[in-house]
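Values quoted throughout were computed directly from the atomic coordinates according to the rules given, and no laboratory measurement underlies them. As the structure is a prediction and not an experimental result, all values here were calculated from the model. Positions of Cβ are backbone-derived with ideal geometry, glycine not excepted, and every protein chain shown enters the neighbour counts.
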Amino acid sequence: MHVASRPKKVGSWYAVGALVAHFRKKAHLTQEQFAESANLAVDTVRSIEQGRLALQPDRAEQFDELLDTGGALTVVVAKLPVRDRIVQFAQGLVDHEQEAMSILAYETQMVPGLLQTREYCLAAFDSRYPALGSETAEQWVNARMDRQLIWQRDRPPVGHFVLEESILRREVGGPEVMRAQIRQILAYTAPIHMSVQIMPMDRMPHAGLAGPMTLLETPQYERLVYLEVQRASFLIDDPDEVSDYHLKYGMLRSQALSPDESVRLLNGLLGES
């Protein structure tokens, strides 16, 4: 079993930050002067230069213009892989997610990131405690939206999700945000390679009471399990352990509503037949 540690500075962002600092100094600007010209707090500039905060694409364009870099920062940021835009404790998942042949996930608290709307995702990060800074929240939301590009691959992965009914009844972001989120889940049930099943709140027996899990299969036919709790994560590759999780997931699928029943429940939450 591989264990991912708490997030630390990501190397790629440290390099990007060093490049920002280089261009700022070349322009003969102090951090305070540059922060003022960019309409940012000086602490934000310091965090970017120290690699503690990602430089977002629109911010990179702004910095390129202010520092007359010829577009260098925009190019560098655009070339960073998706994994480098993800908080470090989740990078083990993202590395494999980007090339996975199949993704099976059971969720208990939130709509899975791979199915979230931007508004739902923003509301979820707004609820974090301790609170995230606006720049950090934007970074994480953009990264999560980028992860969803896997569904647009020429050969997208097979995706299957078992969601607790309670997830759909918690109005994250308010009623309209939640309605849009339910519509997006319904849209994801349309492709033949995608399926969603809902676990009713009163369903017993229940094979997933121990918590959420994500099961992945790589192009090399290796099967992995990803577990996450708070700010810690675990990537499991031991065949015996992985087999146990697949058995558990198979039982969850048999206990949840069928895909057709799940669609009817989702439509019912929207007030539609």
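Regarding the stretch 84-269, what whole-number volume in Å³ per residue does the convex hull of its Cα atoms give? Don't skip to the end; give the middle numbers.
On the way: hull volume 22.4 nm³, N = 186.
Per residue, the Cα convex hull of the stretch 84-269 comes to 120 Å³.
For the chain, with only Lys/Arg (+1) and Asp/Glu (-1) charged at the beta-carbon, what is the dipole magnitude about the Cα centre, in debye rounded to 20? The partial results should precede the final answer.
Values: 28 positive and 36 negative charges, 62 e Å.
Approximately 300 debye in magnitude.
Compute the FRET efficiency between Asp240 and Leu265 as 1/(1 + (r/R0)^6), taking r as their Cβ-Cβ distance and R0 = 45 Å, and round to the nearest 0.05. Present the calculation step by step, with values, prior to reporting the outcome.
Numbers: r = 35 Å, r/R0 = 0.79.
Plugging the Cβ-Cβ distance into 1/(1 + (r/R0)^6) gives 0.80.
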Net charge near Leu270: determine it from the other residues with C-beta under 9 Å of the C-beta of Leu270, scoring Lys and Arg +1 and Asp and Glu -1. +1
Note, Gly173: beta-carbon cut-off 9 Å, +1 each Lys/Arg, -1 each Asp/Glu, net -4
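Divide by every residue of the chain the summed helix terms, -39500 (n - 2.57) for each DSSP H run of at least 4, and state the resulting mean residue ellipticity at 222 nm, rounded to the nearest 500 deg cm²/dmol.
Numbers: 12 runs with 127 residues, N = 273.
One gets -14000 deg cm²/dmol as the mean residue ellipticity at 222 nm.
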How tilted is helix 239-255 with respect to the longest principal axis of the chain? Cα atoms for both, answer in degrees (0 to 90, nearest 10). 60
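For the stretch 156-206, rounded, prolate or oblate, judged on the Cα gyration tensor with a ≥ b ≥ c (square roots of eigenvalues), a/c < 1.5 rounded, else prolate if a/b > b/c? Show your work: numbers first, answer last.
Values: a/c = 2.96, a/b = 1.10, b/c = 2.70.
Since a/c reaches 1.5 but b/c is at least a/b, the shape of the stretch 156-206 is classed as oblate.
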Rounded to whole Å and sorted largest first, what semi-axes of the equivalent ellipsoid does the C-alpha gyration tensor of the stretch 8-80 yield via the square root of 5 times each eigenvalue? 17, 14, 10
Sites Val158 and Gln50, calculated FRET efficiency, Cβ-Cβ separation with R0 51 Å, nearest 0.05: 0.80
Check: C-alpha center the stretch 171-215 vs C-alpha center the stretch 10-65, spacing in Å is 39
Distance between modelled label sites at Thr218 and Arg169, nm, 7 Å Cα→Cβ extension: 4.1
5 angstrom amide H check on Gln197, placed H, neighbours 5+ away: Phe161, Val162, Leu163
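Compute the relative contact order of the chain as a whole-number percentage, counting only Cα pairs closer than 8 Å that sit 6 or more residues apart in sequence. It would help to have the intermediate numbers written out before the result.
Values: 392 pairs, mean separation 57.0, N = 273.
Relative contact order for the chain comes out at 21 percent.
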